[in-house]
1. Stokes-Einstein D for the chain at 25 °C, 0.890 mPa s, Kirkwood Rh over Cα pairs, in µm²/s?
2. Kirkwood Rh over alpha-carbon pairs of the stretch 61-137, then Stokes-Einstein at 10 °C and 1.306 mPa s: what D in µm² s⁻¹, rounded to an integer?
3. How tilted is helix 120-140 with respect to the longest principal axis of the chain? Cα atoms for both, answer in degrees (0 to 90, nearest 10).
4. When ligands, DNA and RNA are left out and all protein chains stay put, how many square angstrom of accessible area per residue does the chain have with a 1.4 Å probe?
5. How far is helix 107-117 tilted, in degrees, relative to the longest principal axis of the Cα atoms in the chain, given as a value from 0 to 90 rounded to the nearest 10?
6. First measure r as the distance between the Cβ atoms of Ala112 and Phe60, then evaluate 1/(1 + (r/R0)^6) with R0 = 35 Å and state the FRET efficiency to the nearest 0.05.
7. For the stretch 110-178, taking Cα atoms only, what is the radius of gyration to one decimal and the Dmax to the nearest whole Å?
8. Below 15 Å, Cα to Cα, which aspartates and glutamates can Lys11 reach? Residues fewer than 8 away in the same chain don't count.
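The values are calculated or read from the model by the stated rules, or taken from the named source; none is laboratory data. Note that this is a predicted model, so its numbers are computed, not measured. Cβ placement follows ideal geometry from the backbone for every residue including glycine, while neighbour counts extend to all protein chains displayed. For the accessible areas, the whole protein counts, side chains as well, though only heavy atoms, and no ligand, DNA or RNA atoms are used. Shrake-Rupley method; radii C 1.70, N 1.55, O 1.52, S 1.80 Å.
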Amino acid sequence: DILNEVIEKAKKNLLTREKLGKKILNERARKIALAAIFYGDLKNSRENNMIFDIDKFLSFEGDTGPYLLYSYVRASSIIKKVKSKKPVKIIDLKDSEIRLLKKIDSFEDVIAKAYKTLSPNLIANYSFELAQMFNEFYHSCPVLGSDEEGFRLKLVDAFRITLGKSLELLGIEAIEEM
């Protein structure tokens, strides 16, 4: 019952953004609903109580599964727009690029700690922080058409791969369009 209710709310949210065919609407709504529920549950430590708030879980902003999916979709969209490979040039790393690189680099450590402590919330929290850093990078560093397009595309792709693996570990299926 809960899943069906969340799917119906996800459909309404999607339809306010764009008109979709029934099959695509049902498929996306189901994936968004599952992401909302799984992430909403797994982001909390086992020792803490959880408040189940469907509307909050379905938000595309903040610490939610749909926010993670949206960030993944944004990265995928950037990659799809590339018409030809550009040389990888690093002229001057910006702070947001460095933070994102370091966060991506810490992925294996987070996974190992989550495994050792049986704490999936560590992966969930890492995923949210990673998505936040990606969005900060995206807003402060133009990717397409920049002098450092080749490097930044590689960084976007590394983010996309890492977030995709994080989502998979959380049982969340990534989507390519929203």
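1. Answer, rounded: 144 µm²/s.
2. Working: Rh = 14.1 Å.
For these conditions, the coefficient is 112 µm²/s.
3. Relative to the chain, helix 120-140 is tipped by roughly 50 degrees.
4. Here the residues of the chain average 58 Å² of exposed surface.
5. 30
6. That pair, Ala112 with Phe60, gives E of 0.70.
7. Spelled out, the Cα radius of gyration and Dmax of the stretch 110-178 are 13.9, 44 Å.
8. Candidates past the 8-residue exclusion: Glu27, Asp55, Glu177.
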